[in-house]
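The values are calculated or read from the model by the stated rules, or taken from the named source; none is laboratory data. Source: prediction; values computed, not measured. Because the Cβ atoms are built from the backbone with ideal geometry, glycine has one as well, and the counts that use them run over all protein chains shown.
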């Protein structure tokens, strides 16, 4: 049974879309991890524009908080190292 995403694009008036390489940099993971997630994770929202994946930022944050390993990488090498406390 799929979990509800932490953030949905319905709540956001104009969502932020990032590329696979930007998502990997923000998450502190490799782009291969993001590409695998696009194939398997149903909660990761994306669209394809000119044969390029565009990933919705809120669903990316939810994916990166999904398990301990991804969360640790996000907090040590990704965007999370700059955030003192999440809401």
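Of all residues in segment 34-49, those satisfying the criterion of being assigned to a helix (DSSP H, G or I), touching a helix residue (DSSP H, G or I) at 6+ places or on another chain (Cβ under 9 Å) and surrounded by fewer than 18 Cβ atoms within 10 Å (Cβ to Cβ) are 35, 38.
Within segment 74-85, residues that are on the phi > 0 side of the Ramachandran plot and in contact (Cβ under 8 Å) with a residue 24 or more places away in the chain reach no partner that is in a loop (DSSP other than H, G, I, E, B) and surrounded by 10 or more Cβ atoms within 10 Å (Cβ to Cβ) with beta carbons closer than 9 Å at six or more positions or on different chains. Among the residues here, residue 76 does not qualify as in a helix (DSSP H, G or I) and buried (at least 18 other Cβ atoms within 10 Å of the Cβ). Looking at segment 50-66, which of the residues that are more than 8 Å from the chain's Cα centre (by Cα) and at pLDDT below 95 is surrounded by the fewest Cβ atoms within 10 Å (Cβ to Cβ)? Here the residue is 65. Residue pairs whose Cβ atoms lie under 6 Å apart, separated by 6 or more positions or on different chains, with the first residue in segment 48-60 and in contact (Cβ under 8 Å) with a residue 40 or more places away in the chain and the second part of a strand (DSSP E or B) and crowded, with 18+ Cβ neighbours inside 10 Å, are 57/18.
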